[in-house]
Amino acid sequence: MVKSIVDAVDIDPKTGTTLGFYSFGEERPNLLIIAAMDGGSATDVYASYLILKHLEGLDRIYGSVTILPVANPLAFRLGAKVSPLDSKDLDSVFPGDEHGTVTERTAWEIWRRASQADYIIHLRTGWQNCISHIVAMHREYIHVRNLASQIALPNAVQCSGQRGSLLTEAAHEGIPVVSIEMRGDIDQVDSQAAVEVREAILNFMRLKDMISGERIETSVTLSGRMQHINIDTEGFFIPQVNLGENIQSGGIIGTIQDKIEIVTPFDGVIVSLSRMNYVFEGDIIARVAPPLGDNRSRIETQEEEPVPKRRKW
């Protein structure tokens, strides 16, 4: 059986900010898997746990895998996006600072390993009900596109390229890096999504001859920057499409009961969709991954995850 070597790194012992890196093997290539950069959900943490348990049951790994199940311990405990100690978002301060705030020191410690990795996969849980999908700088970098194309999930969406993000900084340094976003709520784990992502990552490892087992050939659709569909009224939102469905511009996403139909101005795949809910003016009720093509320049003007406005009065 393969045994993991645990490296516990104390960033700030007073607040319990200790990073636990689980390493399997010592050879190349090295795959680094990171989860829980914030406290949005435990689904990504559970996916990393499932991968860890699978690796422990193997006889041998050809290469090495390092797993960091919880990258931001305090924010994870509190279910917060930013650290309460310095109000910083971990995934905005890479490559970090050895002598900076707690969040900056955390990023620096993660970056020390990330900069030596051959592949990086960042696991995160979407803030809205979604299909599991890849987010990456696949248009700018061939090494990123090659990695995204070998993960057995149907869609890879272009990321925003925001500086300070692990996706951006690692890609600029020539490291193949992607993020996998999966569904899950802040108060519960979506085990089905976690299993789907585990299988996609294990299949990637088989394609790279890191572990044995049957390989599944991948077919990934590369998409443009995520487009958001907001509403300009309030009421009960009732979805009329399904996650993963292709939709054309002018297609009906859903209705605000007894008021209006909500249509999309974009072509593409429904990547995330609000469940039936009471929504307010400015809320994002869906996200669409558009095809690559003539609308690239318009796509690039959108932010990847804007803060939805909720005008209640």
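Filtering the stretch 49-77 down to residues that are of a type outside the set (Val, Ile, Thr) and within 17 Å of the chain's Cα centre (by Cα), which residue is surrounded by the most Cβ atoms within 10 Å (Cβ to Cβ)?
72
All but one of (1) without any contact (Cβ under 8 Å) to a residue 24 or more places away in the chain; (2) in contact with a Phe, Trp or Tyr (Cβ under 7 Å, 6 or more places away or on another chain) hold for residue 164; which doesn't?
(1)
Those residues that are under 29 Å from residue 129 (Cα atoms), of a type in the set (Val, Ile, Thr) and part of a loop (DSSP other than H, G, I, E, B), I need them from the stretch 11-70; list them, please.
70
Before we move on, is residue 170 within 30 Å of residue 103 (Cβ to Cβ) and under 14 Å from the mean Cα position of the chain (by Cα)?
no
If residue 187 satisfies every condition in (1) at pLDDT below 95; (2) touching a helix residue (DSSP H, G or I) at 6+ places or on another chain (Cβ under 6 Å); (3) farther than 20 Å from residue 93 by Cβ but one, which is the exception?
(2)
Have a look at 12, 44 and point out the one that is modelled with pLDDT of 95 or more, in the same structural domain as residue 122 (by TED's automatic domain parsing) and acidic (Asp, Glu).
Checking each option against the conditions leaves just 44.
Is one or more of the residues making up the stretch 144-152 modelled with pLDDT under 95, farther than 18 Å from residue 289 by Cα, out of contact with any Phe, Trp or Tyr (no Cβ under 6 Å at 6 or more places or on another chain) and not hydrophobic (A, V, I, L, M, F, W, C)?
So far as the stretch 144-152 goes, no, none of its residues is modelled with pLDDT under 95, farther than 18 Å from residue 289 by Cα, out of contact with any Phe, Trp or Tyr (no Cβ under 6 Å at 6 or more places or on another chain) and not hydrophobic (A, V, I, L, M, F, W, C).
Name the one entry in 148, 152, 171 that is surrounded by 24 or more Cβ atoms within 10 Å (Cβ to Cβ) and touching a residue at least 40 places away in the same chain (Cβ under 8 Å).
After applying the criteria, what remains is 148.
Return the residue satisfying two criteria in turn: it lies in the stretch 286-313 and is among the aliphatic types (A, V, I, L, M) and at pLDDT below 95, and of such residues it is farthest from residue 229 (Cα to Cα).
Looking at residues that are among the aliphatic types (A, V, I, L, M) and at pLDDT below 95, I get 292.
For the stretch 202-223, give me each residue that is touching a Ser or Thr at 6+ places or on another chain (Cβ under 9 Å) and closer than 21 Å to residue 32 by Cβ.
203, 204, 206, 207, 210, 218, 220
Could we say that residue 232 is at positive phi and at pLDDT below 95 here?
For residue 232, the condition - at positive phi and at pLDDT below 95 - is not met.
Which one is surrounded by the fewest Cβ atoms within 10 Å (Cβ to Cβ), of the residues in the stretch 213-232 that are over 18 Å from the mean Cα position of the chain (by Cα) and in contact (Cβ under 8 Å) with a residue 24 or more places away in the chain?
For the stretch 213-232, the residue satisfying everything is 219.
The values are calculated or read from the model by the stated rules, or taken from the named source; none is laboratory data. This is a predicted model, so every value here is computed, not measured. Note that we place each Cβ from the backbone using ideal geometry, even for glycine, and neighbour counts take in every protein chain shown.
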